[in-house]
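Enquirer: Quick one: this structure, given as structure tokens, is what I'll be asking you about.
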Amino acid sequence: MGVVDNGGLSISGNFVTISGSDLEVNNISAAGSTLTANDGDLLIADNGSISISGINSAVISGSTVSANDITIANSIFTAYGGDMDVYDNGQVAGAPNTDGSDTVSVNDISISGSTLDAYAPYGAGGNMNISGNGAVGINNSTIYADNNVNITAEQVKLGVPIYDPSGGVTVSGGSITAGQNLTITANGGAGTTINNGASLNAFYISVNSPDGILINQDGSSSKYTGNQLNMTAGNGNSDGGPLIAVQNVNLSAFATVNMVAHTIDLLNVAFGGSSIVNLGCYYGGQANYNYGINVNNGVIVGEANLLNVSHGGTAITSASQVGIGIGTTPGIYVHGNQ
């Protein structure tokens, strides 16, 4: 089963002015719908483009320019025994000037109040792939695949005159479950945010977000289960860089937890007694910066900050309880990420 939209819109001339208008190409919207593919794949793809060019000038003012948005609201999509793919791969291109009041949306994917399943009633089902060149937002929805779940948000490449600056992933409420691997990748400037009680469940969970990662569950009933959790942001420099902030989360189910970022901020986080936790930060391993270990002393940029953190039910109250380097036995360790 496939739902595909491949149109395009081109505007060119000596002078191009677009004011107070909406331009939309290839937007797919499903509300209150049920789509089921029996013994096959379910594909939803939007690949159109908007191109705006003016020989002398092109101006966009107070307008919304949107290409290939996919919106799924209050719907049920099911692929029995196959893969489910939601792809948004078009572009907005051209060379216009903008006055700051316009909104440029390239390939944003919004899933809210919905259930997306790729599974088989008997035996192994398929994979779930959600990918676009703009932002991916999943709100109070259930995402499930018997095999792998891959969620990717790309920022349109720099040098393209109009681009969506986000390329971020937001998971707010609901749950994402994979029978094997769950991979979340946000290559844009908005990073990854997981909050409001969202749950993640898979044997192997990987979150890759060069602009930073925020997980904040605020005492909710969210659950994080699996064997290994890897979280990677960027390195930065002595002036600063990407942050991994994990707050109000129980990670005790994981045998291995790896986090790498310029600065790591852990607040009200519990690890299991058999967990091997490796935290890579900018000043990790440097003796003149206390080896990058900061316990119950606020947030210090470039270090691994542990505030109300426990390992196996034992509160971490001193840097002496934290190992230096990359650990291979249960415990919490801090190392450098350069």
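The values are calculated or read from the model by the stated rules, or taken from the named source; none is laboratory data. Bear in mind that the values here come from a model prediction, so they are computed numbers and not experimental data. Cβ sites come from the backbone with ideal geometry, for glycine too, and all protein chains shown count toward neighbours.
Enquirer: Taking the stated definitions as given, is residue 123 closer than 19 Å to residue 187 by Cβ, at pLDDT below 85 and assigned to a loop (DSSP other than H, G, I, E, B)? Show your work before the answer.
Expert: Details: closer than 19 Å to residue 187 by Cβ: no; at pLDDT below 85: yes; assigned to a loop (DSSP other than H, G, I, E, B): yes.
Answer is no for this residue.
Enquirer: Return yes when residue 255 is touching a Leu at 6+ places or on another chain (Cβ under 7 Å), over 16 Å from residue 314 (Cα atoms) and among the small types (Gly, Ala, Ser) and no when it is not.
Expert: Working: touching a Leu at 6+ places or on another chain (Cβ under 7 Å): no; over 16 Å from residue 314 (Cα atoms): yes; among the small types (Gly, Ala, Ser): yes.
Taking the combined requirement at face value, the residue does not satisfy it.
Enquirer: Hey, any hits in region 284-293 for a residue that's more than 23 Å from the chain's Cα centre (by Cα), in a loop (DSSP other than H, G, I, E, B) and crowded, with 24+ Cβ neighbours inside 10 Å?
Expert: Initially, region 284-293 is screened for residues more than 23 Å from the chain's Cα centre (by Cα), giving 284-293.
Still in the running and in a loop (DSSP other than H, G, I, E, B): 284-286.
Now narrow it down to the ones that are crowded, with 24+ Cβ neighbours inside 10 Å: 284.
Within region 284-293, one or more residues are more than 23 Å from the chain's Cα centre (by Cα), in a loop (DSSP other than H, G, I, E, B) and crowded, with 24+ Cβ neighbours inside 10 Å.
Enquirer: Does residue 202 meet the test of being over 28 Å from residue 147 (Cβ atoms), surrounded by 21 or more Cβ atoms within 10 Å (Cβ to Cβ) and among the hydrophobic types (A, V, I, L, M, F, W, C)? Lay out the reasoning, then the answer.
Expert: Values: over 28 Å from residue 147 (Cβ atoms): no; surrounded by 21 or more Cβ atoms within 10 Å (Cβ to Cβ): yes; among the hydrophobic types (A, V, I, L, M, F, W, C): yes.
Considered against the rule, which asks whether it is over 28 Å from residue 147 (Cβ atoms), surrounded by 21 or more Cβ atoms within 10 Å (Cβ to Cβ) and among the hydrophobic types (A, V, I, L, M, F, W, C), residue 202 comes out as no.
Enquirer: Filtering region 271-293 down to residues that are of a type in the set (A, V, I, L, M) and modelled with pLDDT of 95 or more, which residue is farthest from residue 201 (Cα to Cα)?
Expert: Step one: filter region 271-293 for residues of a type in the set (A, V, I, L, M), giving 276-277, 279, 287, 293.
Then drop every residue that is not modelled with pLDDT of 95 or more, which leaves 276-277, 279, 293.
Details: 276: 19, 277: 18, 279: 21, 293: 29 Å.
Applying the filter and picking the extreme gives 293.
Enquirer: I'd like the residue in region 310-325 that is of a type in the set (A, V, I, L, M, F, W, C) and buried (at least 16 other Cβ atoms within 10 Å of the Cβ) and, out of all such residues, is farthest from the chain's Cα centre (by Cα).
Expert: 319
Enquirer: Does residue 112 count as of a type in the set (Gly, Ala, Ser), under 19 Å from the mean Cα position of the chain (by Cα) and modelled with pLDDT under 70? Spell out the reasoning first.
Expert: Details: of a type in the set (Gly, Ala, Ser): yes; under 19 Å from the mean Cα position of the chain (by Cα): yes; modelled with pLDDT under 70: no.
Against the criterion (of a type in the set (Gly, Ala, Ser), under 19 Å from the mean Cα position of the chain (by Cα) and modelled with pLDDT under 70), residue 112 does not qualify.
Enquirer: Give me a count of the residues in region 298-321 that are farther than 18 Å from residue 262 by Cβ, assigned to a loop (DSSP other than H, G, I, E, B) and not small (Gly, Ala, Ser).
Expert: Within region 298-321, residues that are farther than 18 Å from residue 262 by Cβ, assigned to a loop (DSSP other than H, G, I, E, B) and not small (Gly, Ala, Ser) number 2.
Enquirer: Kindly indicate the residue of region 159-187 that is within 24 Å of residue 261 (Cβ to Cβ) and surrounded by fewer than 23 Cβ atoms within 10 Å (Cβ to Cβ) and also modelled with the lowest pLDDT among those meeting that condition.
Expert: Of everything passing the filter in region 159-187, 165 is modelled with the lowest pLDDT.
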